[in-house]
Structures are given as structure tokens and as C-alpha cells.
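Asks: Here's a structure for you.
The values are calculated or read from the model by the stated rules, or taken from the named source; none is laboratory data. As the structure is a computational prediction, the values presented were derived from the model and not from experiment. A quick note on method: Cβ atoms are made from the backbone with ideal geometry, for glycine too, and the neighbour counts reach across all protein chains shown. Heads up: the accessible areas ignore ligands, DNA and RNA and are worked out on the full protein's heavy atoms, side chains in. Shrake-Rupley method; radii C 1.70, N 1.55, O 1.52, S 1.80 Å.
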Amino acid sequence: MSIFIAKRLLTLIATLIGASMVIFLVMEILPGDPALVILGVEATDEMVAALTKELGLDRPAPERYWTWISGLLQGEMGTSYAYKVPVWELVEGALWITIPLAIMSIILSIILALIIGLYAAAHHNKAGDVALMGFSQLGISVPNFWLALLLILLFSIQLRWFPAGGFPGWNEGFFVCIVALLLPAISLATVVGAILARITRSSVLEVYREDYVRTARSKGLSQRATLWLHVLRNALIPVLTVTGIQFSALLTGTVVVENVFHIPGLGSLVLKAINNRDTIVVENVVLLLATMVIMTNFVVDILYAVVDPRLKAHDI
Amino acid sequence: MTLLDVQDLTITLATAEGPARAVRDLSFSLERGETLGIVGESGCGKSMTALALMSLLPERSNTEGKILLESEDLLRFSEKDLCNIRGNRMAMIFQEPMTSLNPVHTIGHQVMEPLRLHKGLDKDAAHAEALRLLDRVGIPNPKARIRNYPHQLSGGQRQRVMIALALSCGPDILIADEPTTALDVTIQDQILELIQNLVSEDGMALILISHDLGVISENTDKVLVMYGGSAVETGRTDKIFGELTHPYTLGLFAAMPKLGMGRNARLATIPGVVPDLMNLPAGCTFFDRCPLASDHCRDASPPVHVLNPDHAVACHNIDDARGKKSEELYL
């Protein structure tokens, strides 16, 4: 087990070094001068040059890359060009919105997927299965921002159960924050849940054809007991893979839904930073997202070994 | 009372191309402690018969006839009652030990499962009984092995675990569907001997399914030779092997490699392939491959000739077939 984790940690470090270089290079190539954006079009060349020097942007790229990385190693993300505050201050607030939102969405998705997927598999090719798979196809096809608007129309404007947008902040209380995140989470979970439901269904149906399922039935286990005791755990392996990928996508790809609900998450932050050419914020946020994606994969790998004992023997 | 009495069993499978008659009008019986061999090539309905006995046929299939277990017709049982029979009064060993055990559960867990289900044993009692069973089927060091997962065991050991699992509740009937086909030749004899010993110690009835006449002749009291879904020759093993009669049985015998036949000698084959279950001929299913076939065979089902109380053959040309040696008909 420890060799397995050590190997994974080394991969993680190597991936992060690679990712940081790519991110830095892309921001270098990106047209637009932060100093010019801050000062506006009427700034004189002298003013721009002075600000460029002040921000340290006149120094060569390798030196700036090293400054960034060595700062990160000491726990410093640097100062935002646009807002003149430490980057971490901007990131921290957004992080505690995006992560809870992604976790809520994935939990809702998994619940949805297991209920729909297992029901559909158990009623394979019957009316319930066909109807649910039709709905899930619809769920995959519907753009989440449009669904978000429909949810706002129904639950915020008509029924007045949930706020239409905004985020009160965690110091306003846990419950109000969860309520504020619920509609965004549902609009994200519909798509993800529909994808996972289809995978769950096909995976369960595939495992049903395995010889060991027939063995379980030959022992006298009922159809239902066989599903829970012998089919489900084996069927979870592909579901786990896709759940991991979808969770990463939820961490990094919620910007549209965040905007519909006016939630200041990481997606909104990075979008604003790109518009402001606030490259230092972009670099740090993107690297942070990359870290979270890699950590997600790491957790998924460990869960594989928990679900399937064969993987323990080979890799750990 | 007869332990198992199968009467006119007919199994129709629904396939994409239409109904396929996998088994037709099959009848046989089994007494307590008796061993029955079912022999035939792939696709002759052996495994379908076994699955029908366990009521584990695929959903899209239809079973007619009667399967009487001590005079109670299993085909009329509810699914719940069948669950009480499976693994308890009837148990089955499958062909593929590599895939027949669940990869995510320990072998101990899998052997304990029927014990807890049918015998109502608690965890400790089931664990102790599983240890005893694993020891009995010859798993070395069962105390350590009981925590192993299937992938940590060899094919032969996995089949031993399957046997332990099948025998756990002391069934009346054990069905072994090609239990040694997937194993090394050296292991095959050990496994067959193990099954044979356990069955006779417990007084169980055994249905041994194989395509290997040698295995059947050495391990059974009675034989059922199947072709195209129906029985072509039935009777006591010693009687049948004393006078192989049906042209198909003779063909199976001719196709067997024999000791001392020389490395360049060619094995005899039965020309042609097994019949298409979707379009079975009106008459004898073996018609188009039979060296003795006449026009009559094509049009009418063969009658069953009872040669003696322990030997019956379904063939039109029984007089031609009797006394023929396998090598006279094939080669």
C-alpha cells in the first residue's frame, strides 16, 4: 500500500511541475499587457513602463516562473495585479464555494444514478427502463444553464422556495449556504446524474451475465440478494471511473452555472482574472484546479483497490 | 420414491432468429446415491438440461414437461421456493472455475453464504463449517486460504472451492457440468476422484455432464447420450459400453484417442456439424451425419428400441447398427 501511495505522490509532483510550466507558457503567449489593462487606453508609454517594472513584468520569463514557483513552495501565491490584494484572499472565498458545490452535485448525481440505474437494470427492456433511459438521454442533452434558468423560474420565482442567486457567505450560517447552493447543484447534478445512471445500468447488466452471478443464483440467493451482494460491487468499478472524471469536471467547469446564479466561485474568479489580464491570479487558480483534479484521480485509484481486491495484488 | 424424475422435458429458447428447441421430450430418472452421466457434443442440450433442473435457464426461454423432485414438480414451484431448493437440495458445479467465483469476495465468504442462507448458521459456525469443507475438498492450509480471493488460487483449487460451496448444505443431487474440461489433464483425474469420493461418502446422487466418453464410462452408473436436444441412447453404463449401438454413440467412441494408436494415426470424425436448433429435421436429428441413414430416417422420428431393461436406443436402423464396430462405420 505504501509503495502504491509513494508512486502516486511522485506522479503527482511530476504532473504538477509539467502543468505549472504549461500554464505559465500559455499565459506568456496570451496577448494583452496587464499594465495596459490596469491603466486604460489613455495611459502614456512612461506610465505603462513604470507599472510594468513595478509589477516585475519586465524581468525575463524564467526568472518570473522561478519567483512564482519558489513563492508557492513557501505558501505564497503573490499579489493580484488588478486588485492589489494577496491572490490567496481572492482564491480562498471562491474555493469554499466551488468545492462544496461540486461535492453537493456529485452526491446528488450518485444518488440519482444509483436509483435510476439499478431500477432500469432490474427492469431491463421493460417500460420503466425505456422511460428512464429516455429521460436520462434528455438529462444529458439539456444544457445546464438553461435548466438552471428553468429551476429559477419554478422554485425561486413561482414557488419562492429558494433564492434566485447569490451566496450569503459561510459566516451567515451553514443551512442558508446549503440552500443557496441547492439549485445550482441540482442543475449540475441532472446532467452528471444522467450520465452516471446510464453507466450504472449498462455496467449492472454486463455483470449480470457473469458466471459468478449464476453461481450466486445456484446457491439459492434471490434475484434481489444477488444484485446487492454479488452484482453491485463489481458493477461499481466503471461507475467509479466516470464519477471521478465528472467530479473533476464539476470542480473546473461550473463557470456558466455560477454566472447564472451569481455565485462567486473559482470559475467566475478565473474568468474575471482573464479579462483583467490578471495573469498571476489565472496561473494560481488553474494550477490549483489541476491539483484538485490530480487529487481526485488519486482518491479514485485508492477506491478502486478498496472495491476490487485484484488491484491490491498487482499495484500495491 | 424416485429422487428425481424428469418427464418429457422440452426447452425452447427465444432467440433473435426465432425459437430454438434446445431440448426435446427428454425423460430420465435418478435414484438416491445413483450417478448419471449425460454425454454429447457442444450444443446437444446437456447444459440446458442441467440449468433447467436448477431452474436457472435464461429468462427468454420456455420449459415444458415435468421435473419431479420426490414427486413435487419443480416447474410449478414459486421463485421463492426454488431459492430454498437451489444450493440446498440441489447444487451445481460449473465448467469454468476461473470465472465462477466472485472476484471481490473471499472464498471463505462465498462458501459461508449458502450455509448462512439455508442452514441459518451464525457467522462463527459458518466459518468453522467452511474451514471443515475447504479441508475436506483438499485445500491446503484452509485457515490461511479461507481469507484468499479467487485470483490468488489456481484453477484446480478454485474448482475445489466450487465443490466445497456446492456440497456445503449436503444436497440430495449434485450436478457437475463439465467440471474438469477447463483444467489441466493431471488435475482432471484428481477433481473427478474427489467428486466421486465425496458423493459416495454423503450418499448423494450425481449428474455428471461431459463430452468425454472415457470420463463418463469410469464415473457413472447410468448414461444418457444426447444429440440435437434428445436422448439417442440410454441405459446402465456397463450395458451401454458393453454394446455401443446408436450410430452417434459409435461415432463418439470412434473419435476418442486410444492408447497405443501411434502418432501418425488419424482420429475418426463424425462428418458434418450439429443440427441447427432453429430448423430441426422432421425425422431423426442425426440423419444427415449418420452412415446408416436411409430415406425413412429423414421423415419419421426414430422409435425407441428397448434392447434389454437396462439399455434403450432411439434408431430406425437398429438391426443394422447392432453388432457394428465403431471403426466399421467411421474412418
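Asks: Determine which member of the set B:Thr220, B:Thr237 is in contact (Cβ under 8 Å) with a residue 40 or more places away in the chain and in contact with a Lys or Arg (Cβ under 8 Å, 6 or more places away or on another chain).
Replies: When all the criteria are applied, what remains is B:Thr237.
Asks: Within the stretch A:175-188, is there a residue that is within 25 Å of A:Pro100 (Cα to Cα), in the same structural domain as A:Asn234 (by TED's automatic domain parsing), part of a loop (DSSP other than H, G, I, E, B) and at pLDDT below 85?
Replies: Within the stretch A:175-188, the first condition is being within 25 Å of A:Pro100 (Cα to Cα), and the residues that meet it are A:175-188.
Subsequent filtering for residues that are in the same structural domain as A:Asn234 (by TED's automatic domain parsing) retains A:175-188.
Next, only the ones that are part of a loop (DSSP other than H, G, I, E, B) stay: none.
The answer is no, given that none of the residues of the stretch A:175-188 is within 25 Å of A:Pro100 (Cα to Cα), in the same structural domain as A:Asn234 (by TED's automatic domain parsing), part of a loop (DSSP other than H, G, I, E, B) and at pLDDT below 85.
Asks: Of all residues in the stretch B:275-292, which are touching a Phe, Trp or Tyr at 6+ places or on another chain (Cβ under 8 Å) and open to solvent by 40 Å² or more (accessible area, probe 1.4 Å)?
Replies: Across the stretch B:275-292, the qualifying residues are B:Pro281, B:Pro291.
Asks: Is at least one residue of the stretch A:85-92 surrounded by 14 or more Cβ atoms within 10 Å (Cβ to Cβ), touching a helix residue (DSSP H, G or I) at 6+ places or on another chain (Cβ under 6 Å) and at positive phi?
Replies: no
Asks: Still on this model: Suppose we filter the stretch B:111-121 for residues that are under 14 Å from B:Leu153 (Cβ atoms) and facing chain A (nearest Cβ under 8 Å); how many remain?
Replies: At the first step, the residues of the stretch B:111-121 found to be under 14 Å from B:Leu153 (Cβ atoms) are B:111.
With the extra rule that they be facing chain A (nearest Cβ under 8 Å), the set shrinks to none.
Residues that pass the stated criteria total 0.
Asks: For the stretch B:84-110, give me the residue count where each residue is buried (at least 20 other Cβ atoms within 10 Å of the Cβ), at the interface with chain A (Cβ under 10 Å from one of its Cβ atoms), out of contact with any strand residue (DSSP E or B) (no Cβ under 9 Å at 6 or more places or on another chain) and within 18 Å of B:Ala126 (Cβ to Cβ).
Replies: Final tally of qualifying residues: 5.
Asks: If you don't mind, another one. Quick test of your reading of the structure: B:Val274 fulfils all but one of (1) within 25 Å of B:Ile207 (Cβ to Cβ); (2) modelled with pLDDT of 85 or more. Name the failing condition by number.
Replies: Result: B:Val274 fails condition (2) only.
Asks: Sticking with this structure for a sec: Out of the residues in the stretch B:22-37 that are touching a Gly at 6+ places or on another chain (Cβ under 6 Å) and not hydrophobic (A, V, I, L, M, F, W, C), which is surrounded by the most Cβ atoms within 10 Å (Cβ to Cβ)?
Replies: Step by step, filter the stretch B:22-37, then rank; the result is B:Arg24.
Asks: Name, by its number, the condition in (1) open to solvent by 30 Å² or more (accessible area, probe 1.4 Å); (2) under 18 Å from A:Ile274 (Cα atoms) that does not hold for A:Trp66.
Replies: Going through the list (1) open to solvent by 30 Å² or more (accessible area, probe 1.4 Å); (2) under 18 Å from A:Ile274 (Cα atoms), A:Trp66 breaks only (2).
Asks: Then there is this: Taking the criterion of being open to solvent by 40 Å² or more (accessible area, probe 1.4 Å), of a type in the set (Lys, Arg) and touching a residue at least 12 places away in the same chain (Cβ under 8 Å), would at least one residue in the stretch B:123-136 satisfy it?
Replies: Yes, some residue in the stretch B:123-136 is open to solvent by 40 Å² or more (accessible area, probe 1.4 Å), of a type in the set (Lys, Arg) and touching a residue at least 12 places away in the same chain (Cβ under 8 Å).
Asks: On to the next question. From (1) closer than 15 Å to A:Ile186 by Cβ; (2) modelled with pLDDT of 90 or more; (3) over 22 Å from the mean Cα position of the chain (by Cα), pick out the condition that doesn't hold for A:Phe155.
Replies: (2) is the only condition that A:Phe155 fails.
Asks: With (1) in contact (Cβ under 8 Å) with a residue 24 or more places away in the chain; (2) within 19 Å of A:Thr215 (Cβ to Cβ); (3) within 14 Å of chain A (Cβ to nearest Cβ); (4) touching a helix residue (DSSP H, G or I) at 6+ places or on another chain (Cβ under 7 Å) as the list, and B:Arg147 as the residue in question, which single condition is left unmet?
Replies: Condition (2) is where B:Arg147 drops out.
Asks: Is it the case that the stretch B:54-76 has a residue that's within 7 Å of another protein chain (Cβ to nearest Cβ), of a type in the set (A, V, I, L, M) and either in contact with a Ser or Thr (Cβ under 9 Å, 6 or more places away or on another chain) or open to solvent by 40 Å² or more (accessible area, probe 1.4 Å) (or both)?
Replies: yes
Asks: Within the stretch B:158-172, identify whether any single residue is under 16 Å from the mean Cα position of the chain (by Cα), open to solvent by less than 20 Å² (accessible area, probe 1.4 Å), within 15 Å of B:Glu34 (Cβ to Cβ) and at pLDDT 90 or above, and answer yes or no.
Replies: no
Asks: Pairs please, first residue from the stretch B:308-331 and aromatic (Phe, Trp, Tyr) and at pLDDT 80 or above, second anywhere and assigned to a strand (DSSP E or B) and open to solvent by 80 Å² or more (accessible area, probe 1.4 Å), Cβ atoms under 8 Å, 6+ apart in sequence or on different chains.
Replies: That search, which allows pairs on different chains as well, returns nothing.
Asks: If you take the residues of the stretch B:142-153 that are outside any helix (DSSP H, G or I) and among the aliphatic types (A, V, I, L, M), which of them is farthest from B:Asn84 (Cα to Cα)?
Replies: B:Leu153
Residue-by-condition table, conditions (1) over 15 Å from the mean Cα position of the chain (by Cα); (2) surrounded by fewer than 17 Cβ atoms within 10 Å (Cβ to Cβ); (3) over 20 Å from B:Glu96 (Cβ atoms):
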position: A:Val204; (1), (2), (3): yes, no, yes
position: A:Ser218; (1), (2), (3): yes, no, no
position: A:Asn234; (1), (2), (3): yes, no, no
position: A:Ile237; (1), (2), (3): yes, yes, yes
position: A:Ile245; (1), (2), (3): no, yes, yes
position: A:Val257; (1), (2), (3): no, no, yes
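Asks: Still on this structure: Tell me the residue from A:Val281, A:Val270 that is among the aliphatic types (A, V, I, L, M), at negative phi, without any contact (Cβ under 8 Å) to a residue 24 or more places away in the chain and buried (at least 19 other Cβ atoms within 10 Å of the Cβ), please.
Replies: Only one candidate passes the filter, namely A:Val270.
Asks: Follow-up. Mind listing just one residue for me: the one in the stretch A:195-245 that is closer than 17 Å to B:Lys80 by Cα and of a type in the set (D, E, K, R) and, of those, farthest from the other protein chains (Cβ to nearest Cβ)?
Replies: Only one residue fits best here, namely A:Arg224.
Asks: Looking at (1) closer than 30 Å to B:Pro247 by Cβ; (2) at pLDDT 90 or above; (3) in contact with a His (Cβ under 8 Å, 6 or more places away or on another chain), which is the only condition B:Glu31 fails?
Replies: It fails just one condition, (3).
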